[in-house]
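Comments concern the structure below.
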Amino acid sequence: MAKSLIEVLAGRRQTLPPIWLMRQAGRYLPEYRALRQKIGNFLDLCLDPKLAAEVTLQPIRRFGFDAAILFSDILVVPYALGQSVAFTPADGPRLDAIADVQSLRKLRKELDHERLAPVYETIARVKSQLPAHVTLLGFCGAPWTLATYMIAGAGTPDQIPAREFVYRAPQLFNELMDVLVEASASYLIRQFEAGADAVQIFDTWAGILPDDAFDRCCIEPSARIVAAVRARIPNAKFIGFPRGAGSRLKRYLDAVGVDAVGLDWTIDLAFARDEVQSRKPVQGNLDPVALLVGGNALDRAIDRIIDNFVAGPFIFNLGHGVLPGTPVAHVERLVARVRRSR
Ligand code: CP3
């Protein structure tokens, strides 16, 4: 059976756009919270194939989305490079910050695939349980977004530690990016070999880069990853998500080689249709806050997006992840509305 999302990635518009949501598995789901309660450490959940597969499938069972996304986290890559990574319930991820040559040299040059074996096993498990029409998505964080957490040692509102690092230590920064490009490419190759149908590259922090650094820190590393994966897996399918890229999406698409691009909720819709969707299939871009609020505001926001993109290849999604307080009923309403759209 054809997978509608893969059809869109091949440039073929679907009468009913496929739909999935970033962070479709997570705290807004009661069944996730119930399972999460039993596991103290979030990383332990990501690295338990049975539980991670179960969590991956929860939103598929409940909503019948057209794609399942591997349940894991982008920070398993720094973990498999030997950096210490922990998730604290109160303030998110905590890593041993990379501040200087010494801490950079402590990183492995190559991924420890043993540490990631549970992730590959999760993919294989999900694959065996997924209906044939549902796409299985793997993912990784883009090198720049990984670097922001690896350098700061935590999430920050504006990523100043990493931005400072780029100016102060360009050589070291390039070394780090080289390691992350290699690591991400080999990680994605393994995900494809385990059964992923396509992968998404999350560059959540692309939007804060100054214009010249956007090419060096976002476009080039992502392009190198895509090329390295395709050298091994020629028909590997990619969705790029350079959040906040705005007008730079044109350059991104011309250079990176992804099959489709994820749009965040801030983009000018006419620009996205005329300048972005004219180049490649698009995915997006409902404001997660509209989904949280629900009601008529949600309906109007959904319709505006569908009307804008319906004429071309399009995947319905949010402009970023589902917010933890989102009522399940709003997600049901969204899926029903998108599915009766045409
Ligand atoms: O989308 C999915 O359903 C798949 C799972 C997924 C998670 N994280 C699960 C998660 C994916 C694709 C990610 C990607 C990720 N992780 C990104 C890129 C996309 C984005 O959201 O911007 C980033 C920057 C991270 C790093 C990360 N992980 C942070 C900053 C946090 C803390 C903030 C938060 O939401 O709690 C996490 C933790 C995390 N990753 C949770 C989940 C479900 C919550 C942890 C919990 O359940 O206790």
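The values are calculated or read from the model by the stated rules, or taken from the named source; none is laboratory data. All figures in this text were calculated on a predicted structure; none of them were measured in a lab. Positions of Cβ are backbone-derived with ideal geometry, glycine not excepted, and every protein chain shown enters the neighbour counts. Heavy atoms of the whole protein, side chains included, go into the accessibility calculation; ligands, DNA and RNA do not. Shrake-Rupley method; radii C 1.70, N 1.55, O 1.52, S 1.80 Å.
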| How about the range 19-74: which of its residues are surrounded by fewer than 22 Cβ atoms within 10 Å (Cβ to Cβ) and among the acidic types (Asp, Glu)? | Glu31, Asp44, Asp48, Glu54, Asp73
| note | Scanning the range 93-124 residue by residue, those touching a residue at least 40 places away in the same chain (Cβ under 8 Å), within 30 Å of Val134 (Cβ to Cβ) and not charged (D, E, K, R) turn out to be Pro93, Leu111, His113, Leu116, Pro118, Val119, Tyr120, Thr122, Ile123, Ala124
| query | When you go through (1) within 16 Å of the ligand (Cβ to nearest atom); (2) closer than 20 Å to Pro242 by Cα; (3) in a helix (DSSP H, G or I) one by one for Ala185, which number turns out not to apply? | reply | (1)
| query | Going through the range 305-331 one residue at a time, which ones are open to solvent by 10 Å² or more (accessible area, probe 1.4 Å), in contact with a helix residue (DSSP H, G or I) (Cβ under 7 Å, 6 or more places away or on another chain) and in a helix (DSSP H, G or I)? | reply | Asn308, His330
| note | Filtering the range 38-61 down to residues that are of a type outside the set (Phe, Trp, Tyr), within 10 Å of the ligand (Cβ to nearest atom) and in a helix (DSSP H, G or I) yields Leu43, Leu45, Cys46, Ala52, Val55, Thr56, Gln58, Pro59
| In the range 95-113, what residues are within 20 Å of Pro49 (Cα to Cα) and either within 15 Å of the ligand (Cβ to nearest atom) or assigned to a helix (DSSP H, G or I) (or both)? | His113
| task | Mind listing just one residue for me: the one in the range 189-209 that is part of a loop (DSSP other than H, G, I, E, B) and near the ligand (Cβ under 10 Å from one of its atoms) and, of those, farthest from the chain's Cα centre (by Cα)? | result | Trp205
| Restricting attention to the range 114-134, does a residue exist that is under 17 Å from Phe71 (Cα atoms), open to solvent by less than 50 Å² (accessible area, probe 1.4 Å) and not in a helix (DSSP H, G or I)? | yes
